[in-house]
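Chemist: Mind looking over this structure? Questions follow.
The values are calculated or read from the model by the stated rules, or taken from the named source; none is laboratory data. Everything numeric in this text was worked out from a predicted model, so none of it was measured. Counting neighbours? That spans all protein chains shown, and the Cβs are built from the backbone with ideal geometry, glycine included.
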Amino acid sequence: MSEYGPDLILVRHGETEWSLSGQHTGRTELDLTPRGEDQAKAAGNLLGARPFDRVLVSPRNRARHTADLAGLVPFEIDEDLAEWDYGDFEGLTTAQIHEQYPGWEIWTGPWPGGETAADVEARADRVIAEVLEAGPDRRVALVAHGHILRVLAARWIEMDVTAGRRLALDTAAVSELGWEHTARVVHRWNQSPT
């Protein structure tokens with residue numbers, strides 16, 4: 001607990017067929033695989049005994065189902081926690097995108113038909129502002145997706161969106177953001193439940 005602001009627990013949704021294959025999954029609704037369901041349940045064991053003051057979840061089914069299985073109920077849907085909109089790259093792997101755009105990264109674009117890094121940064125900043133309103137000595141959980149959570153962590157520590165490229169995040173992994181005195185910090189990152 002911090003006297004400066006809330007502690008923030010991030011949970012990435014469990015495995016889906018596309019996360020397993022490396023396909024970019026933004027708007028597409030996919031179910032968790034049986035392994036993804038097991039991961040989500042196991043993630044609940046990493047959350048600690050202290051209850052959450054607030055739980056915010058992406059509108060996508062895979063995130064909502066993960067929250068249910070991890071015991072993060074009740075929760076509120078937050079549209080800003082939706083995954084990066086990949087536009088024309090939805091459902092493609094990075095290797096497939098490289099056929100047309102060699103060296104492409106989500107962090108630097110281009111993003112034909114999708115969200116820019118600035119768009120996703122704005123959403124992450126809105127979530128952070130909302131979380132900070134909870135005040136000190138509070139505990140907030142966010143259940144969402146790989147790229148938006150990586151952007152959110154980068155912005156939490158006041159880094160550029162592109163710092164998210166250095167923060168690998170596995171399915172159903174649990175991470176914790178908090179405080180070191182008055183500075184926002186990463187306390188733990190990418191703790192896998194299985």
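Chemist: Restricted to region 42-68, and to residues that are among the charged types (D, E, K, R) and either closer than 12 Å to Ile9 by Cβ or touching a helix residue (DSSP H, G or I) at 6+ places or on another chain (Cβ under 6 Å) (or both), which residue is surrounded by the most Cβ atoms within 10 Å (Cβ to Cβ)?
Modeler: Just the residues of region 42-68 that are among the charged types (D, E, K, R), to begin with: 50, 53-54, 60, 62, 64, 68.
Remaining after also requiring either closer than 12 Å to Ile9 by Cβ or touching a helix residue (DSSP H, G or I) at 6+ places or on another chain (Cβ under 6 Å) (or both): 50, 53-54.
Working: Arg50: 10, Asp53: 14, Arg54: 17.
Here the answer is Arg54.
Chemist: Further question: All but one of (1) small (Gly, Ala, Ser); (2) surrounded by 18 or more Cβ atoms within 10 Å (Cβ to Cβ); (3) modelled with pLDDT of 95 or more; (4) under 27 Å from Ala134 (Cβ atoms) hold for Gly71; state the number of the condition that does not hold.
Modeler: The one condition Gly71 does not meet is (2).
Chemist: Still on this structure, I have one more. Assuming Trp111 fulfils every condition listed in (1) touching a residue at least 60 places away in the same chain (Cβ under 8 Å); (2) closer than 22 Å to Leu169 by Cα; (3) assigned to a loop (DSSP other than H, G, I, E, B); (4) over 12 Å from the mean Cα position of the chain (by Cα) apart from one, which condition is it?
Modeler: Among (1) touching a residue at least 60 places away in the same chain (Cβ under 8 Å); (2) closer than 22 Å to Leu169 by Cα; (3) assigned to a loop (DSSP other than H, G, I, E, B); (4) over 12 Å from the mean Cα position of the chain (by Cα), Trp111 violates only (1).
Chemist: Further question on the same structure: If you go through region 130-138 one residue at a time, do you hit one that is among the basic types (Lys, Arg) and within 11 Å of the chain's Cα centre (by Cα)? If you could, list the steps in order and put the result at the bottom.
Modeler: Here is the first cut: in region 130-138, the residues among the basic types (Lys, Arg) are 138.
Filter once more, keeping what is within 11 Å of the chain's Cα centre (by Cα): none.
No, because not a single residue in region 130-138 is among the basic types (Lys, Arg) and within 11 Å of the chain's Cα centre (by Cα).
Yes/no per residue for (1) closer than 20 Å to Arg150 by Cβ; (2) touching a Lys or Arg at 6+ places or on another chain (Cβ under 9 Å):
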residue	(1), (2)
Asp53	no, yes
Leu56	yes, no
Arg60	yes, yes
Ala63	yes, yes
Thr66	yes, yes
Ala70	yes, yes
Val73	no, no
Glu83	yes, yes
Glu90	yes, yes
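Chemist: Do we find that Leu92 is touching a strand residue (DSSP E or B) at 6+ places or on another chain (Cβ under 6 Å) and of a type outside the set (S, T, N, Q) in this structure?
Modeler: So Leu92 fails the test.
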